[in-house]
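This report concerns only the one structure given below.
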Amino acid sequence: MTYVAVPNRYERIPYRRVGRSGLVLPALSLGLWHNFGDSTPLDTQRTLLRTAFDLGINHFDLANNYGPPYGSAEINFGRLLREDFRAYRDELILSTKAGWDMWPGPYGQGGGSRKYVLASLDQSLRRLGVDYVDIFYSHRFDADTPLEETAGALADAVRQGKALYVGISSYSAGKTREIAALLREHKVPLLIHQPAYNLFNRWVEKDLLATTEDLGAGVIAFTPLAQGLLTDKYLDGIPANARINRPGGASLRPEHLSEANIRRARALAEIARRRGQSLAQLALAWTLCDPRVTSALIGASRPEQLVENVAALDNLAFSTEELAEIDRHAVEGGINLWEKPSSDWQA
């Protein structure tokens, strides 16, 4: 049956300008890191994408190695794009990334080399079945490649018409300033930074948010729900169908579900209850209450999760007292898997 999007799809979600650019993004965007590989039935993926778009989520975020297996999320999304969303392509913001390991041999192990970055983009375009993506990211800082080379590759992606905008992910504040300056030399602005950011991982507050504001770049936060830790899922133990027990779920580690983290999550859930929200809704609202955050990337395995998450946008205001109480429990939880590249890590 031919998919027809609901006509009022842009009335539900607020859209925010990305830094000082001409682009706007929905306050919530859909990340395809999990649940869009070959281990998830295609009909489930189709339902998730249709539900998201009908709710006003028009930004879908991918990467070359999303799956499992690597590349399968782009292949599956490309098929659904052809079958369901071809007529809506100009309403969509599609993004992909290159930076982590992807194919065998020295040129496929990730990083920021021109060889890897541009070859990866060409592969992504073929898997997606599109001529261009709206945003192309350097997925991580690579200390073994001159930053000038990475910036030049990103700029060439724009000049070649294969990407409309470029961004970075998991770069430190200092390297963010450096690559922004290098991109300016090519007359290509740095559009956006995609860092991990949530109640238990607040590293961006030290200096990254101030840096992006100064540069006129937007911020899109990934893992705003800490891979499910900031939902009701783990408050009473680990359910059998949890991500940690599924293929591709190894990024959520047993130590992330420490008793200390669960105890703090329960305290935050009580604050959420008093606000008339779920823990997930509180976590998303808190991430978005800083105006420097353009959008938050959510994942979903069921359409009901998308509906619940979008409902977080109904209450984004926090009192001073609420924020102070949240701060007592929103402390670093040892869950930042991306700390090394964002600390200018060198292998």
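The values are calculated or read from the model by the stated rules, or taken from the named source; none is laboratory data. Note that the structure is predicted; figures quoted are calculated from it, not measured. Positions of Cβ are backbone-derived with ideal geometry, glycine not excepted, and every protein chain shown enters the neighbour counts. Areas reflect the complete protein model, heavy atoms only, side chains present, ligands, DNA and RNA absent. Shrake-Rupley method; radii C 1.70, N 1.55, O 1.52, S 1.80 Å.
Packing-based ranking of 105-115, 5-15, 189-199, 91-101 yields 189-199, 91-101, 105-115, 5-15, ordered from highest to lowest mean Cβ neighbour count within 10 Å. Taking only the C-alpha atoms of segment 299-347, the Rg (one decimal) and the largest Cα-Cα distance, Dmax (whole number), read 16.5, 44 Å.
By per-residue mean of other Cβ atoms within 10 Å, what is the highest-first order of 320-332, 147-159, 24-36, 270-282?
Working: 320-332: 13.1, 147-159: 20.2, 24-36: 23.5, 270-282: 18.2.
Descending mean neighbour count gives 24-36, 147-159, 270-282, 320-332.
A simple spin-label model places the labels of residue 83 and residue 210 5.0 nm from each other, with each point 7 Å out along Cα-to-Cβ. Each 5 Å bin from zero holds the following percent of Cα-Cα pairs in segment 1-150: 2, 9, 18, 20, 19, 15, 9, 5, 2, 0, 0. From most to least packed by mean Cβ count within 10 Å, the peptides 171-183, 220-232 give 220-232, 171-183.
If the Kirkwood radius is taken over C-alpha pairs of segment 134-221, then at 4 °C and 1.567 mPa s the Stokes-Einstein diffusion coefficient equals 100 µm²/s. Set the Cα radius of gyration of segment 258-337 against 2.2 N^0.38 Å, with N its number of residues, and you get 1.10. Add +1 for every Lys or Arg and -1 for every Asp or Glu among the other residues with Cβ under 11 Å from the Cβ of residue 208, and state the total. Here the charged neighbours net out to +1.
Express the relative contact order of segment 153-213 as a whole percentage, based on alpha carbon pairs under 8 Å and six or more residues apart in sequence. After rounding, I find 35 percent. Electrostatic bookkeeping for residue 102 treats Lys and Arg as +1 and Asp and Glu as -1; over the other residues with beta carbon under 14 Å from its beta carbon, the sum is +1.
I need the Kirkwood Rh of segment 87-188: take the reciprocal of the average 1/r across all distinct C-alpha pairs and report it in angstrom. Mind dumping the intermediate values first?
Values: mean 1/r = 0.0732 Å⁻¹.
Answer for segment 87-188: a Kirkwood hydrodynamic radius of 13.7 Å.
A 1.4 Å probe, protein heavy atoms only, puts the accessible area of residue 75 near 90 Å². Over the chain, one equal point on each Cα, no solvent: what is log10 I(q)/I(0) by the Debye formula at q = 0.09, 0.11, 0.12, 0.13 Å⁻¹? Evaluating at q = 0.09, 0.11, 0.12, 0.13 Å⁻¹ gives log10 I(q)/I(0) of -0.45, -0.69, -0.84, -1.00.
Among residues other than residue 197 whose Cβ falls under 11 Å from its Cβ, what is the net charge (Lys/Arg +1, Asp/Glu -1)?
0
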